[in-house]
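The values are calculated or read from the model by the stated rules, or taken from the named source; none is laboratory data. Just so it is clear, the model here is predicted, and its values are computed rather than measured. Don't worry about glycine lacking a Cβ; one is built from the backbone with ideal geometry, like all the others, and counts go over all protein chains shown. These area figures cover heavy atoms from the full protein model, side chains too; ligands, DNA and RNA do not enter into them. Shrake-Rupley method; radii C 1.70, N 1.55, O 1.52, S 1.80 Å.
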Amino acid sequence: MFETFFKNYTFQSPLMNASGVHCMTIEELDEMADSKAGTFVTKSVTRQKRQGNPEPRYYGTPLGSINSMGLPNLGFDYYLDYVSKRQKTVSQPIFFSVASMSMEENIETLKKLEDSDFQGFTELNLSCPNVAGKPQVAYDFDLTENILTEVFSFFTKPLGVKLPPYFDIAHFDQMATILNQFPLAFVNSINSVGNGLIIDPEKEQVVIKPKEGFGGIGGQYIKPVALANVRVFYTRLNPSIQIIGTGGIVSGQDAFEHLLCGASMLQIGTQLYKEGTSVFARILAELEVIMKAKGYTNIEQFRGKLKTIEE
Ligand code: SIN
């Protein structure tokens, strides 16, 4: 019922984690592999291990979360070693997330991945809002085009990009025109809504320490923005570029809406952080109820078929 066709593969479920959540350590990655998720993605790697930003750097609220993790990760070799071994024991391809500190580091990391035995999907994170002094790459259209030109001059494995949210039709069009020039396997929309602020009114204080409290917003707050970005890229990109929908998926209904907008895979961040890996079974159960009530027996019967209001 939940089979999803993604590039040349069939995943048993469209659900997976969003990079950054439940994917830092071998233990967490093993739990992802053993969950009801269709596959999983590793924490975005930098060349060297990083501590990330000072704590507190994540804060949950009833409607979502704010984070400014600052790309803490155990380094490229740690995750490459893990996926090289793990890909032999899982039936579906794994996703490997890369988010470097500079264009040069990105290229170096991707060259190593190209030369490695990794056989899964690479997710190039162009949208981390949390490293002080490093703007989100994908808000710079020329830089994004230059990076992708360089990357596709040597990278032959399936690769997609993780994008920040866009908010203007002109920006949607500009980014889609750039992305359509490249043999991307997928686009993942959206990363957190960058540089929001959540405040504790009792303490009259911000809730996270880095960047004077500014951080990426996730969870229910951002679902409408995520749905719009998924819909935009689904309707503007070459059909060979598939969409991963991320942002505000808390329930089966949220998953259904992302699929209706055209997403093929769905990533869960904040709610996975709050609920643990049992979130995947719960959301699938809720999605099943919705699909059965509507008479759908598979996802392709409604994926991308969002209607507009005519007359
Ligand atoms: C982080 O580590 O700061 C989060 C990564 C991201 O939002 O891309």
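Figures for the structure shown
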quantity: Answer residue from the range 43-69, given it is among the hydrophobic types (A, V, I, L, M, F, W, C) and within 27 Å of Lys111 (Cα to Cα) and is farthest from the ligand (Cβ to nearest atom) among those; calculated: Val45
quantity: Test: residue in the range 59-75 that is in contact with a Leu (Cβ under 6 Å, 6 or more places away or on another chain) and open to solvent by 30 Å² or more (accessible area, probe 1.4 Å); calculated: no
quantity: Selection count, the range 113-151, where residues are more than 16 Å from the ligand (Cβ to nearest atom), part of a loop (DSSP other than H, G, I, E, B) and either within 19 Å of Arg50 (Cα to Cα) or of a type outside the set (D, E, K, R) (or both); calculated: 4
quantity: Residue within the range 29-42 that is at pLDDT 95 or above, within 14 Å of the ligand (Cβ to nearest atom) and surrounded by 15 or more Cβ atoms within 10 Å (Cβ to Cβ) present; calculated: yes
quantity: Positions within the range 204-220 being buried (at least 23 other Cβ atoms within 10 Å of the Cβ) and not in a loop (DSSP other than H, G, I, E, B), in sequence order; calculated: Gly215, Gly216, Ile217, Gly218
quantity: All positions within the range 161-176 that are β-branched (Val, Ile, Thr) and surrounded by 13 or more Cβ atoms within 10 Å (Cβ to Cβ); calculated: Val161
quantity: Residue check, Tyr82 assigned to a helix (DSSP H, G or I) and either loosely packed, with under 14 Cβ neighbours inside 10 Å or within 16 Å of the ligand (Cβ to nearest atom) (or both); calculated: no
quantity: Residue under evaluation Ser189, criteria (1) open to solvent by 10 Å² or more (accessible area, probe 1.4 Å); (2) in contact with a strand residue (DSSP E or B) (Cβ under 7 Å, 6 or more places away or on another chain), criterion not met; calculated: (1)
